Amino acid sequence: MTFEVTIPVLNEAETLNRQIHTLHHFLSQHFQEPEQWRIVIADNGSTDDTPHLAEALSDELREVRLLRVPRKGVGLALKTSWMQSNADIVGYMDLDLATDLKHFIQAYNAIATEGFDLVYGTRLHKRSRVRGRSLTREITSRAFNTILKTYLGTRFSDGMCGFKWLRRDLVASLIDGGAVSDGWFFSTELLAIAEWRGLRLCELPVQWTDDTTESKVNIPRLAMQYLEAMAALKKRKPR
């Protein structure tokens, strides 16, 4: 089965070249069938050299493609990329490669050979190993997921881990079903809609190394956006 991994980026000129080469090398070593995979760099309107570097990478590496998304939003980047894809499996991970790359193999096998519809990484499983995570991020993550389970009645353990994979033929129906956010909450909407529709979800405990650079995320503002998005998503829950 073919697959595409989308990497949403915004002003990542400092690390883009190194991280994409790291990911490309790993995939080349472990997935050697011709035309089996592709890396899509989805640029969310960067104002630095990110688009130029991404274009250079696409010229250098046959399996890398640049997708220009006109405005900000991780969800928008993923929807745009996945809806244009012809791959059997689509997914995404963050440019910091916080999820250990060995989990690519597990995620691919879960869909390609084990019959799962969607695979999500979790940092909150007892078998997960998380390194370098600040206390603030840990508390925020656990609080968010607790509220999510209580308010929406969902069972998945980690709605925001940046490592998810699904059958590409399910994307349109999940979007139609309510996975509509243009922002970070799209990641959570995917899981909720998939669970409510009875799809086969694979929970994948991951080894995660947190990015130690200063976060660009405004946590209070993001928390308010999540709470509003949860309220909207609950209205779409089947009765």
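The values are calculated or read from the model by the stated rules, or taken from the named source; none is laboratory data. It should be emphasised that the depicted structure is a prediction, and the values quoted were computed from it without experimental measurement. Here the Cβ is made from the backbone with ideal geometry for all residues, glycine too, and neighbour counts use every protein chain on show.
Computed values, structure above
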| item | result |
| --- | --- |
| Check on LEU135, assigned by TED's automatic domain parsing to the domain that holds PRO220, surrounded by 17 or more Cβ atoms within 10 Å (Cβ to Cβ), closer than 15 Å to THR209 by Cα and free of Cβ contacts under 8 Å to residues at least 60 places away in the same chain | no |
| Criterion violated by LYS102 - all others in (1) buried (at least 16 other Cβ atoms within 10 Å of the Cβ); (2) modelled with pLDDT of 95 or more; (3) within 19 Å of the chain's Cα centre (by Cα) satisfied | (1) |
| Residue, surrounded by the fewest Cβ atoms within 10 Å (Cβ to Cβ), within the stretch 26-50, restricted to residues that are within 20 Å of the chain's Cα centre (by Cα) and part of a helix (DSSP H, G or I) | PHE26 |
| Of all residues in the stretch 138-158 being under 20 Å from the mean Cα position of the chain (by Cα) and among the aromatic types (Phe, Trp, Tyr), the one that is surrounded by the fewest Cβ atoms within 10 Å (Cβ to Cβ) | PHE144 |
| Residues that are β-branched (Val, Ile, Thr) and under 16 Å from the mean Cα position of the chain (by Cα), drawn from the stretch 112-129 | VAL119, THR122 |
| Strands (runs of 3 or more DSSP E) completely within the stretch 136-239 that count 1 or more residues being modelled with pLDDT of 95 or more and under 22 Å from THR99 (Cβ atoms) | 163-167, 201-205 |
| Number of the exception - ALA56 against (1) closer than 21 Å to TRP208 by Cβ; (2) surrounded by fewer than 19 Cβ atoms within 10 Å (Cβ to Cβ) | (1) |
